[in-house]
Amino acid sequence: MRANLSILITAVLLVFTQSACSQQTRKMKLNPLTPAEQAVILHKATERPFSGEYENNYAKGTYVCKRCDAPLYRSESKFDAHCGWPSFDDEIKGAVKRIPDADGKRTEIVCANCGAHLGHVFLNEGFTPKNIRFCVNSISMKFIPDKVMTEQEKNQETAYFASGCFWGTQYYLMKAPGVISTTVGYMGGHTKNPTYKEVCTGETGHVETTEVVFDKTKTSYDALVKLYYETHDFTQVGGQGPDIGDQYRSVVFYTSENQKHIVEKYIGILTEKGYKVATILRLAPEFWKAEDYHQEYYEKKHGTPYCHIYRKIF
Ligand SMILES: [Zn+2]
């Protein structure tokens, strides 16, 4: 009778533990698995040697867990052990858990995040200076190649200018040579995803800003800063032209120390010329794109800005 009771208690405990576990995995968002993947990942089978997808893959990238997408290994630690399975001599820190295998001899490796079976780890075989081999089933992983930057992307830089109503700021910057694209939006405030209406209350702290993506081989940040200063009244405090309010201030949000130094250089030149520059210089926080009807406003309306006029200074 007592024995029966203890079996019952154990059974109840098991049910509770299991349901807690499955609740935990449920929260993790796991990928659905094919029967072949289930055999290895859940039931610890081993794929046939020399049959897996990644045995001979030496492309640059990250191997992630097939079940939960957690990064496990980098391509830099992959080597050829001629064993028929992908081999690594290092793991991404904390990504892989080692547990004694059921066979009592080997050490099993599982995904530290979701517990997916990966393979086994072997020491002191002398393959690489690290002297360790993570022998992993291809089917337990998914390879994510590193994104290669195109020549065009390498030559791109982003700048953020605020000079009053963003319709006018964008009007001049989008026409400048070497500019790839411009977008108007909000920046510098304390709310996420602000609307135009919210920004106009003056309570969000956001400034109407134009994001400029330009080709460094065709123009320069210097050229854009000059244009910025030549198309607005940077001496006006608390607004621009008839538009009064914090969202219309003259602000440059810099994305690098280099951009900061360039703006400081032009503020210096303008100060020497006798101008009292009101521009605020700030490190660029998150940019929030404005509503579609604000984008390229004057182009769509075939109009010209009332608040921004070009005048040569430099
Ligand atoms: Zn996982």
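Yes/no per residue for (1) at pLDDT below 95; (2) in a loop (DSSP other than H, G, I, E, B); (3) farther than 13 Å from Val136 by Cβ:
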| residue | (1), (2), (3) |
| --- | --- |
| Glu55 | yes, yes, no |
| Tyr58 | yes, yes, yes |
| Glu76 | no, no, yes |
| Ile92 | no, yes, no |
| Ile99 | no, no, yes |
| Ala102 | yes, yes, yes |
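Could you say whether any residue in the range 159-167 is at positive phi and surrounded by 22 or more Cβ atoms within 10 Å (Cβ to Cβ)?
Within the range 159-167, one or more residues are at positive phi and surrounded by 22 or more Cβ atoms within 10 Å (Cβ to Cβ).
As an exercise: evaluate Leu42 against (1) modelled with pLDDT under 95; (2) more than 26 Å from the chain's Cα centre (by Cα) and give the number of the one condition it does not meet.
In the conditions (1) modelled with pLDDT under 95; (2) more than 26 Å from the chain's Cα centre (by Cα), Leu42 misses (1) alone.
Taking the conditions exactly as written (more than 14 Å from the ligand (Cβ to nearest atom) and closer than 13 Å to Met141 by Cα), does Ser87 satisfy them or not?
yes
Please find, among Ala102, Ala112, Ala116, Ala95, the residue that is within 16 Å of the ligand (Cβ to nearest atom), over 22 Å from Asn57 (Cβ atoms) and of a type in the set (A, V, I, L, M).
When all the criteria are applied, what remains is Ala112.
Please specify each residue of the range 34-48 satisfying the condition of being among the hydrophobic types (A, V, I, L, M, F, W, C) and either away from the ligand (no atom under 14 Å from the Cβ) or not assigned by TED's automatic domain parsing to the domain that holds Ala70 (or both).
Result: Ala36, Ala39, Ala45.
What number of residues in the range 267-303 are among the β-branched types (Val, Ile, Thr) and either outside the structural domain of Thr209 (by TED's automatic domain parsing) or in contact with a strand residue (DSSP E or B) (Cβ under 6 Å, 6 or more places away or on another chain) (or both)?
2
Of the numbered conditions (1) under 27 Å from the mean Cα position of the chain (by Cα); (2) surrounded by 23 or more Cβ atoms within 10 Å (Cβ to Cβ); (3) over 30 Å from Lys226 (Cβ atoms), Asn137 fails exactly one; give the number of that condition.
Tallying (1) under 27 Å from the mean Cα position of the chain (by Cα); (2) surrounded by 23 or more Cβ atoms within 10 Å (Cβ to Cβ); (3) over 30 Å from Lys226 (Cβ atoms), Asn137 fails exactly one: (1).
Of the numbered conditions (1) in contact with a helix residue (DSSP H, G or I) (Cβ under 7 Å, 6 or more places away or on another chain); (2) touching a residue at least 60 places away in the same chain (Cβ under 8 Å), Asn57 fails exactly one; give the number of that condition.
Failed condition: (1).
For the subset of the range 119-137 comprising residues that are out of contact with any Cys (no Cβ under 9 Å at 6 or more places or on another chain) and assigned to a strand (DSSP E or B), which member is farthest from the ligand (Cβ to nearest atom)?
Leu123
The values are calculated or read from the model by the stated rules, or taken from the named source; none is laboratory data. Because the structure is a prediction, the values reported are computed rather than measured. Here the Cβ is made from the backbone with ideal geometry for all residues, glycine too, and neighbour counts use every protein chain on show.
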